[in-house]
Amino acid sequence: MKIRLEAIKMVKKYYTLGIETSCDETAAAIVSSKYEIISNIVFSQQKIHASYFGVVPELASRTHYEKIHYVLEKTTKNFDIKKINLISYTDHPGLKGALLIGKTVAKTLGYIYSIPVVAVDHLWGHIYSVILTKKGKIKFPFISLIISGGHTELSIVESYNKRKILGQTLDDAVGEAFDKVTKMLFLFAKEKKLPKKYLDILKYPGGPIIEKLARYGDPNSINFPKAYMLESYNFSFSGIKTAVLYYLKSQKDINLKLIYDICASFQKAVVDTLVTKLIHVVEKLSIYDICISGGVSSNGYLRREFLKISKIKNLKIIFPNATLSTDNAAMIAAAGMNFYSAT
Ligand code: KG4
Ligand code: ZN
């Protein structure tokens, strides 16, 4: 049953099957020990949760259960499963019922094919989305900023399997704030009887929608508050979300121009907060290599602002490839290789 670490190390190149089911993406992938992505399949449940403006846990678990075989079949279609040396799955954090599906499938496959199985921290997975993008060649230590729908985490990554967590959000995650602001815009626009064709644009997940609408707005039109919290490594995004709510309540009516301006101003306030905070941390710690990952890191405006500041401050900022920013199993497979080696 047990293929020991030594046995895996003896193989010049080995393959890891990754499984990710922590939230609303049912995903599987095969990644080689040389950080080559052989296949990377994601079934996004976004449409299922869209009208609820957030992930409904029970619906997520049921959909993982329904889709995991289809996703696994697609992932292994052109690959002999007997060539897989390791199985890696997201163990935590995440929705309990959703995680259970991935864990059960991983353990069952491991048992049937006598392949070792490794449990992975989803946040390490996001960090590995960047390491995978760089094909494993990364300089330590680096500062990691994870900005996703469920998490906002700042850490120092010291090696392939050691990170020191510095801070996290005290309330909403960055992505959650994008999602909730979109929901507030929808509810307000509905109350003010904006035509359905406009209401239909405002749905979950809010991040990509706000990014799109913000392109037509003036980012300096509304001055939303920014919680830099420079005295600590933590973050807070509930204040800006509430500020958007009060701003909406102060408006008699709403039109497309106002929606564009709110999206642009909100996005700017969030990105300003992140940039200011990160620069402060970088200068305090004198670590100039930075990796930014998680769903929100796919935001084009955010990437451009970080790249602008990186030139001024001489920083090296790395983002994951676009397909690896949001939840996927390739990052879980890549992380698993390193955590199995560490045991
Ligand atoms: O990393 P991820 O796929 O899942 C979690 O681990 O939470 O992140 C999903 C989050 C959602 O909140 C979504 O609105 C946000 O990432 N997101 C974005 C963008 N694309 C996805 N936020 C801002 N701009 C985007 N382009
Ligand atoms: Zn994630």
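The values are calculated or read from the model by the stated rules, or taken from the named source; none is laboratory data. All values reported here derive from a predicted model rather than from experimental measurement. Please note: Cβ atoms are built from the backbone with ideal geometry, for glycine as well, and neighbour counts cover all protein chains shown. In case anyone asks, the SASA skips ligands and DNA or RNA and just uses the protein heavy atoms, side chains included. Shrake-Rupley method; radii C 1.70, N 1.55, O 1.52, S 1.80 Å.
Computed values, structure above
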| quantity | calculated |
| --- | --- |
| Residue identified as more than 26 Å from residue 133 (Cβ to Cβ), modelled with pLDDT of 95 or more and open to solvent by less than 50 Å² (accessible area, probe 1.4 Å) among 22, 61 | 61 |
| Boolean, residue 149 is under 22 Å from the mean Cα position of the chain (by Cα), in a loop (DSSP other than H, G, I, E, B) and within 16 Å of ligand 2 (Cβ to nearest atom) | yes |
| Qualifying residue in region 66-73 (condition: modelled with pLDDT of 95 or more, farther than 19 Å from residue 44 by Cα and assigned to a helix (DSSP H, G or I)) | no |
| Residues of region 204-253 that turn out to be under 12 Å from residue 178 (Cβ atoms) and either over 23 Å from the mean Cα position of the chain (by Cα) or not in a helix (DSSP H, G or I) (or both), as a count | 4 |
| Test for residue 239: is it within 16 Å of ligand 1 (Cβ to nearest atom) and touching a Lys or Arg at 6+ places or on another chain (Cβ under 9 Å) | no |
| Scan of region 279-323 for residues that are closer than 25 Å to residue 264 by Cβ and among the small types (Gly, Ala, Ser), ordered by number | 293, 294, 295, 297, 298, 300, 310, 322 |
| Residues located in region 268-282, provided they are touching an Asp or Glu at 6+ places or on another chain (Cβ under 7 Å) and over 14 Å from residue 173 (Cα atoms) | 275 |
| Pairs with Cβ under 8 Å, 6+ apart, first in region 254-274 and open to solvent by 10 Å² or more (accessible area, probe 1.4 Å), second modelled with pLDDT under 95 and not in a loop (DSSP other than H, G, I, E, B) | 256/198 |
| Positions within region 172-213 being more than 9 Å from ligand 1 (Cβ to nearest atom) and either open to solvent by less than 60 Å² (accessible area, probe 1.4 Å) or among the aromatic types (Phe, Trp, Tyr) (or both), in sequence order | 172, 181, 184, 185, 186, 188, 189, 194, 198, 199, 202, 213 |
| Subset of region 125-158 (residues that are within 13 Å of ligand 1 (Cβ to nearest atom) and more than 19 Å from residue 273 (Cα to Cα)) | 125, 126, 127, 128, 129, 130 |
| Lone unmet requirement of (1) at pLDDT 95 or above; (2) in a loop (DSSP other than H, G, I, E, B); (3) among the charged types (D, E, K, R); (4) open to solvent by 20 Å² or more (accessible area, probe 1.4 Å) for residue 158 | (2) |
| Those residues of region 271-298 which are touching a strand residue (DSSP E or B) at 6+ places or on another chain (Cβ under 9 Å) and under 22 Å from residue 217 (Cα atoms), in sequence order | 273, 274, 296, 297 |
| Residues located in region 279-317, provided they are within 16 Å of ligand 2 (Cβ to nearest atom) and assigned to a loop (DSSP other than H, G, I, E, B) | 294, 299 |
| Criterion (more than 22 Å from residue 321 (Cα to Cα), among the basic types (Lys, Arg) and open to solvent by 40 Å² or more (accessible area, probe 1.4 Å)) met by exactly one of 137, 96 | 96 |
| Residue list for region 234-253, restricted to those being open to solvent by less than 50 Å² (accessible area, probe 1.4 Å), closer than 14 Å to residue 171 by Cα and either in contact with a Cys (Cβ under 8 Å, 6 or more places away or on another chain) or not small (Gly, Ala, Ser) (or both) | 234, 235, 237, 240, 241 |
| All positions within region 296-340 that are open to solvent by 50 Å² or more (accessible area, probe 1.4 Å) and more than 10 Å from ligand 1 (Cβ to nearest atom) | 304, 307, 308, 311, 312, 313, 314, 316, 321, 323 |
